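Working notes for the structure below.
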Amino acid sequence: MKNLLRLLEDDCSLNTEQLAALAGMTEEETKAALEEYKKQGILLGYEPIINWDLYDEEYITALIEVTVIPQRGDGYDRIAQRIYQYEEVESLYLMSGSFDLCVIISGHSLKQVALFVSQKLSTIEGVSGTATHFILKKYKEKRMIFKPQEDYKERFVLD
Amino acid sequence: MDYSKILNSRILSVKPSGIRRYFDLLNEMEDGISLGIGEPDFATPWHIRDAGIYSLEKGFTKYTPNAGISDLRKEIAAYLRRRFGLEYSPNGQIIVTVGGSEGIDVALRCMLEPGDEVLVPTPSFVCYAPLSFMACGKPVYIETRAEDGFRLTAKALREAITPKTKVLILPYPCNPTGAIMEKEDLEAVADVLRDTDIMVISDEIYCELTYSGTHCSIAGIPGMYDRTILVNGFSKSYSMTGWRMGYVCGPAPVIGAITKLHQFGIMSAPTTSQFAAIEALRNGDEDIEYMKQEYDGRRRYLLDGLRRLGLECFEGLGAFYLFPSIRSTGLSSEDFCMKFLMEEKVAVIPGTAFGPVGEGYVRISYAASMKNIEEVLLRLERFLARLR
């Protein structure tokens, strides 16, 4: 039987009844387990995956490589905190490799993203450099394929 | 030309499967949902597809040995040992066929003489009786019942055996009922067969989709190895229906005879598919587990849903079908399915498609997305409310 969290990871639109059946639990047990996961901070929230290209709205996502000077006592955490406070920041990760922090931001125009980088991000104390990469096309996100291959129509039906 | 005089009379007398018309109607509907098709809704796992593609890139496009690539036969032997404790020699006891269906066909044809009787527990997959009949045999149905969990009982088997009985088909886990046969059930069947010359064709194509314990093969029951022809394949376990990959294992003389039929009729199973199948067996155990868990969740959800709506439903623990009784609606299976299709645009299959004993039942496949199963349950609720 599948773990509740794995089920939610695959499809967070499942209702408690469905989750219960899929996990082989009762609905009460399922509700209690979800509450417990939330309380412990294991289950943070649910987010839909939207293909904004098909919706009539400009939507721009960029990945920004940030190099920083870590601070005594706080390491990277304090700078990270300052960065993630901004609404525009979708995700923020501490990285291994040639840069330190990876910021994913989205905005409604190139200008908005550019302003964020030049006026907000790069002026934070401790940030020593940025490199902005715009995402040109999304193929897959969180295991969801943006344009799934269509199945061929003629199917064999005798069984 | 009067083709009725030219065509083989046996073949002419076989009726085509009656399921098609439901799908023809469904195809013309908008928002139609099918829980009718008996095939996995997953695409073949990527690493298996990739192995097929890679074999093409390398130019492996020629015939293979008649019985299949030796590496594939070795992997089949290893798989049967690993998962079911069965021992078959890759040289002489295993042949790779074009799907399990060819396996059933050639297994029947290599044994049947005119008038030989083939015992077919029903409700079951639609091919056994026509294939037996076209191989000049006489299919004899053994009805299985919900109260026995749709299992084949020793009593029913004993009553059906005559001096002409040559073959017993053992179709478990069962399409369409979802029934499985556990070790004790198989031992009881073996007790009946041990002193006879009856051969068993055990169609274990759904063996990996067993949701209670692990599948038990009759070939592993004492005294049955020499009288069992095991048919299996990749379609259901690895979601590879379109690759047409199956295999037959059994005593060397039987596989030898089957190899003759296969050699002259087919030559060898598709090469690309065989390379994909090797990858499936080497690195696919996790895929099996993943898909099984998915189906099991949907199975429980659908079963709960059907019972909540007041339909009596035997808990199928195998394959990916549930077989609820629709007697409480007062409709025949065919009427129920046609009405449900026309009024709610949902295709399910009448139990009668799998033998007359299926009257009063419908087959619902849960090899479908949760969204579709949920929607079907909503439509079914509406439909049943109108009938009451």
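Of all residues in region B:62-71, which are surrounded by 14 or more Cβ atoms within 10 Å (Cβ to Cβ) and either within 13 Å of chain A (Cβ to nearest Cβ) or not small (G, A, S) (or both)? If you could, list the steps in order and put the result at the bottom.
Restricting attention to region B:62-71, the residues satisfying the condition of being surrounded by 14 or more Cβ atoms within 10 Å (Cβ to Cβ) are B:64-69, B:71.
Across region B:62-71, the qualifying residues are B:T64, B:P65, B:N66, B:I69, B:D71.
Given (1) farther than 30 Å from A:A21 by Cβ; (2) more than 14 Å from chain A (Cβ to nearest Cβ); (3) not small (G, A, S), where does B:W243 come up short, assuming only one miss?
Going through (1) farther than 30 Å from A:A21 by Cβ; (2) more than 14 Å from chain A (Cβ to nearest Cβ); (3) not small (G, A, S) one by one, B:W243 breaks only (2).
Which residue pairs have Cβ atoms closer than 8 Å, lie 6 or more positions apart in sequence or on different chains, and pair a first residue in region B:107-124 that is on the phi > 0 side of the Ramachandran plot with a second residue that is of a type in the set (A, V, I, L, M, F, W, C)?
Pairs found: B:G115/B:C136.
Show the residue pairs that are 6+ apart or on different chains and have beta-carbon atoms under 8 Å apart, the first residue being within region B:76-98 and open to solvent by 10 Å² or more (accessible area, probe 1.4 Å), the second being of a type in the set (S, T, Y) and assigned to a loop (DSSP other than H, G, I, E, B).
That search, which allows pairs on different chains as well, returns B:R83/B:T214; B:F84/B:T214; B:F84/B:S217.
Of the conditions (1) open to solvent by 30 Å² or more (accessible area, probe 1.4 Å); (2) under 21 Å from the mean Cα position of the chain (by Cα); (3) free of Cβ contacts under 8 Å to residues at least 40 places away in the same chain, B:S202 satisfies every one except a single condition; which number is it?
Exception for B:S202: condition (1).
It is to be established whether one or more residues within region B:285-304 are assigned to a loop (DSSP other than H, G, I, E, B) and either touching a helix residue (DSSP H, G or I) at 6+ places or on another chain (Cβ under 7 Å) or within 14 Å of another protein chain (Cβ to nearest Cβ) (or both). Walk me through it before giving the result.
In the first step, residues of region B:285-304 are kept if they are assigned to a loop (DSSP other than H, G, I, E, B); the result is none.
Scanning region B:285-304, I find no residue that is assigned to a loop (DSSP other than H, G, I, E, B) and either touching a helix residue (DSSP H, G or I) at 6+ places or on another chain (Cβ under 7 Å) or within 14 Å of another protein chain (Cβ to nearest Cβ) (or both), so the answer is no.
Among (1) at pLDDT 95 or above; (2) in contact with a helix residue (DSSP H, G or I) (Cβ under 6 Å, 6 or more places away or on another chain); (3) of a type in the set (D, E, K, R), there is one condition B:E57 misses while meeting the rest; what is its number?
B:E57 satisfies all of (1) at pLDDT 95 or above; (2) in contact with a helix residue (DSSP H, G or I) (Cβ under 6 Å, 6 or more places away or on another chain); (3) of a type in the set (D, E, K, R) except (2).
Return yes when B:E343 is within 16 Å of B:K236 (Cα to Cα), open to solvent by 40 Å² or more (accessible area, probe 1.4 Å) and outside any loop (DSSP other than H, G, I, E, B) and no when it is not. Break it down stepwise before answering.
On the way: within 16 Å of B:K236 (Cα to Cα): no; open to solvent by 40 Å² or more (accessible area, probe 1.4 Å): yes; outside any loop (DSSP other than H, G, I, E, B): yes.
So B:E343 does not fit the description; no.
Looking at A:A80, A:A62, which one is assigned by TED's automatic domain parsing to the domain that holds A:K120, farther than 23 Å from B:L303 by Cα and in contact with a helix residue (DSSP H, G or I) (Cβ under 6 Å, 6 or more places away or on another chain)?
Numbers: A:A80 fails: in contact with a helix residue (DSSP H, G or I) (Cβ under 6 Å, 6 or more places away or on another chain).
That would be A:A62, the only listed residue that is assigned by TED's automatic domain parsing to the domain that holds A:K120, farther than 23 Å from B:L303 by Cα and in contact with a helix residue (DSSP H, G or I) (Cβ under 6 Å, 6 or more places away or on another chain).
Could you check, for region B:143-150, whether at least one of its residues is more than 14 Å from chain A (Cβ to nearest Cβ), closer than 17 Å to B:R109 by Cα and surrounded by 20 or more Cβ atoms within 10 Å (Cβ to Cβ)? Steps first, answer last, please.
The first filter runs over region B:143-150 and keeps only residues more than 14 Å from chain A (Cβ to nearest Cβ), leaving B:143-150.
Narrowing the set further to residues that are closer than 17 Å to B:R109 by Cα leaves none.
For region B:143-150, residues more than 14 Å from chain A (Cβ to nearest Cβ), closer than 17 Å to B:R109 by Cα and surrounded by 20 or more Cβ atoms within 10 Å (Cβ to Cβ): absent.
Here are A:Q119, A:Q71: which of them is in contact with an Asp or Glu (Cβ under 9 Å, 6 or more places away or on another chain) and not assigned by TED's automatic domain parsing to the domain that holds A:C12? Break it down stepwise before answering.
On the way: A:Q119 fails: in contact with an Asp or Glu (Cβ under 9 Å, 6 or more places away or on another chain).
Being in contact with an Asp or Glu (Cβ under 9 Å, 6 or more places away or on another chain) and not assigned by TED's automatic domain parsing to the domain that holds A:C12 holds for just one of A:Q119, A:Q71, which is A:Q71.
Identify, by number, the condition in (1) within 25 Å of B:R299 (Cβ to Cβ); (2) surrounded by fewer than 13 Cβ atoms within 10 Å (Cβ to Cβ) that B:E113 doesn't meet.
Failed condition: (1).
Could you look through region B:374-388, keep only residues that are of a type in the set (A, V, I, L, M) and at pLDDT 95 or above, and pick out the one that is farthest from B:F320 (Cα to Cα)?
Looking only at region B:374-388, we keep the residues that are of a type in the set (A, V, I, L, M), and these are B:376-378, B:380, B:384-385, B:387.
Adding the requirement that they be at pLDDT 95 or above leaves B:376-378, B:380, B:384-385.
Values: B:V376: 16, B:L377: 17, B:L378: 20, B:L380: 19, B:L384: 23, B:A385: 27 Å.
It comes out as B:A385.
Please identify the pairs in which a residue from region A:23-41 that is within 14 Å of chain B (Cβ to nearest Cβ) has its Cβ atom under 9 Å from the Cβ atom of a residue that is exposed (fewer than 12 other Cβ atoms within 10 Å of the Cβ) and outside any helix (DSSP H, G or I), counting only partners at least 6 apart or on another chain.
Hits for this filter: A:A23/A:N3.
Tell me, which helices (runs of 4 or more DSSP H) lie completely within region A:10-109 with 3 or more residues that are more than 27 Å from B:K292 (Cα to Cα) and not hydrophobic (A, V, I, L, M, F, W, C)? I'd like the intermediate steps shown before the answer.
Working: elements: A:16-23, A:27-39, A:77-84.
So the answer is A:27-39, A:77-84.
Keeping to region B:8-61, report how many residues are within 14 Å of another protein chain (Cβ to nearest Cβ), among the β-branched types (V, I, T) and farther than 30 Å from B:E344 by Cα.
Residues flagged as within 14 Å of another protein chain (Cβ to nearest Cβ), among the β-branched types (V, I, T) and farther than 30 Å from B:E344 by Cα within region B:8-61 amount to 2.
Listed residues B:F314, B:F336; which is within 21 Å of B:V126 (Cα to Cα), open to solvent by less than 10 Å² (accessible area, probe 1.4 Å) and more than 14 Å from chain A (Cβ to nearest Cβ)?
Working: B:F314 fails: open to solvent by less than 10 Å² (accessible area, probe 1.4 Å).
Exactly one residue qualifies, and that residue is B:F336.
The values are calculated or read from the model by the stated rules, or taken from the named source; none is laboratory data. What you see is a predicted model; the values in this text were computed from it and never measured. Neighbour counts are summed over all protein chains in view; Cβ atoms, including those assigned to glycine, are modelled from backbone coordinates with ideal geometry. For the accessible areas, the whole protein counts, side chains as well, though only heavy atoms, and no ligand, DNA or RNA atoms are used. Shrake-Rupley method; radii C 1.70, N 1.55, O 1.52, S 1.80 Å.
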